[in-house]
Amino acid sequence: MRIYIDTANIADIERIITKFPVDGVTTNPSLLAREKINPMEQLKKIRNLLDEDMELHAQVLSDNASDMIAEADYMRKHLGEQTFIKIPVTHEGIRAMKELNKTGVNMTATAIYTPMQAVMAAKAGAKWTAPYVNRLDMIGANGVQVAIDIHTILTRMKEKTDLLAASFKNVEQILKLAEAGVGAVTVAPELLEQLLYHPLTNQAVIDFKNDFESITAKGATMKDL
Ligand code: E4P
């Protein structure tokens, strides 16, 4: 399963990519707005932080297909041709995807709440489909189940499209999707850091250290022997 960082914050990205094996960064206009600087300049900074093989996902704002296509071209010109252009699954969004697919543009279909929206995005050529797991839970639906249903359908369709599930609020939601074998998740930095948390792990490290020091010296490591 690929793991992306869902943020537009430079400090968070620097911290996470240094210590965790992640595959890229996903942003959206709301995340960029939180940074309170020119969003395109921020996206360029993010791109510069990432290794070449790490993906950057950035969203269009236009309302109609032809403007979305022009916006996608502009974004790819400034952020690199490999940039994944996020396009919402509106009528105009699907129309834009269909057109952009002809020239092999990397696309992530976003704002997905139903499996049928994901099917249409797959048929229009999106590489990734992004269902909003926690936002579905918030409206009384089962976000994890919707994501699993999309994964099952896309696998059966044998399209090149996979799932990049988004909007998580707890580790359990992510674990369930890992069990189901989804292609990717994008996770906010605070939650990403929680993926490793268990108090007994920390205690085990303390116990090992104390035992080792009892026959060596305080702060000793293998290098001191
Ligand atoms: C990703 O495409 C979404 O923009 C994002 O993950 C939504 O997350 P949120 O529901 O926490 O805002």
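Using the per-residue mean of other Cβ atoms lying within 10 Å as a proxy for protection, in what order, highest first, do the peptides 119-129, 84-94 fall?
119-129, 84-94
With each run of n ≥ 4 DSSP H residues scored as -39500 (n - 2.57), what mean residue ellipticity at 222 nm is computed for the chain after dividing by its residue count and rounding to the nearest 500 deg cm²/dmol?
Result for the chain, helices only: -15500 deg cm²/dmol.
Would you be so kind as to identify which of THR216, ASN38, MET75 lies farthest towards the positive end of the dipole of the chain, taking Lys and Arg as +1 and Asp and Glu as -1 on Cβ and the Cα centre as origin?
Most positive-ward Cα: MET75.
For region 175-225, which chymotrypsin sites (Phe, Trp or Tyr not before Pro) pass both filters: DSSP loop (anything but H, G, I, E, B) and at most 15 other C-beta atoms within 10 Å?
Hits after loop and neighbour filter: TYR197.
Give me the one-decimal Kirkwood hydrodynamic radius in Å for region 132-225, with the sum taken over alpha-carbon pairs.
Here the Kirkwood hydrodynamic radius works out to 16.2 Å.
Which whole-number value in Å³ per residue fits the convex hull of the alpha carbons of region 67-107?
So the per-residue Cα hull volume is 54 Å³.
Any idea what angle helix 39-49 forms with the longest principal axis of the chain, computed on alpha-carbon atoms, 0 to 90 degrees, nearest 10?
For helix 39-49, the angle is close to 50 degrees.
For region 2-193, what percent of Cα pairs sit more than 27 Å apart?
Above the 27 Å cut-off, region 2-193 has 22 percent of its Cα pairs.
Kindly express, to the nearest 10 degrees and within the range 0 to 90, the angle between helix 171-180's C-alpha long axis and the longest C-alpha principal axis of the chain.
Roughly 70 degrees, rounded to the nearest 10.
To the nearest 20 debye, what charge dipole does region 144-225 have about its Cα centre, counting +1 at the Cβ of each Lys and Arg and -1 at the Cβ of each Asp and Glu?
240
Quick one: what are the phi-derived ³J(HN,Hα) couplings along region 119-128, Karplus 6.51/-1.76/1.60 with θ = phi - 60°, whole Hz, x for glycine and proline?
Ordered by residue, 3J(HN,Hα) equals 4, 5, 5, 4, 5, 7, x, 5, 7, 10 Hz.
On a 0 to 90° scale, report how tilted helix 10-19 is relative to the longest principal axis of the chain, with both axes built from alpha carbons and the result rounded to the nearest 10.
Tilt relative to the chain: about 60 degrees.
What are the residues whose amide H is under 5 Å from the amide H of LYS86, where those residues sit 5 or more places off or on another chain and H is modelled from the backbone?
When sequence neighbours closer than 5 places are left aside, the close amide H contacts are ALA58, GLN59, VAL60, THR108.
For the chain, with a Gaussian network of springs between Cα atoms less than 10 Å apart, report the residue from GLU213, GLU99, GLU179 with the top mean-square fluctuation.
Answer for the Gaussian network model of the chain: GLU213.
For the ranges 45-52, 68-75, 170-177, what's the packing order if you count other beta-carbon atoms within 10 Å of each residue, average per peptide, and put the highest first?
Per-residue Cβ counts within 10 Å, averaged per peptide and sorted highest first, yield 68-75, 170-177, 45-52.
Cα to Cα, under 18 Å, and not fewer than 8 places away if on the same chain: which lysines meet these conditions relative to LYS176?
In chain and number order, there are no partners.
To make sure I understand the rule: partners must be lysines, Cα under 16 Å from the Cα of LYS102, and not fewer than 8 residues away in the same chain. Which ones qualify?
LYS123, LYS127, LYS160
Normalised by the number of residues in the chain, what is the relative contact order in percent for Cα pairs under 8 Å and 6+ residues apart?
With pairs under 8 Å counted, the relative contact order is 17 percent.
Sequence neighbours fewer than 8 away in the same chain don't count; with that in mind, list the lysines whose C-alpha is under 23 Å from LYS45.
Excluding near neighbours in sequence, the set is LYS19, LYS36, LYS77, LYS86.
What is the packing order of peptides 163-169, 131-137, taking the mean over residues of other C-beta atoms within 10 Å and listing the highest first?
Per-residue mean Cβ counts within 10 Å order the peptides as 163-169, 131-137.
None of the figures in this text is laboratory data; all of them are computed from the coordinates on show. Here the structure is a predicted model, which is why all the values come from computation and not from measurement. Neighbour counts are summed over all protein chains in view; Cβ atoms, including those assigned to glycine, are modelled from backbone coordinates with ideal geometry.
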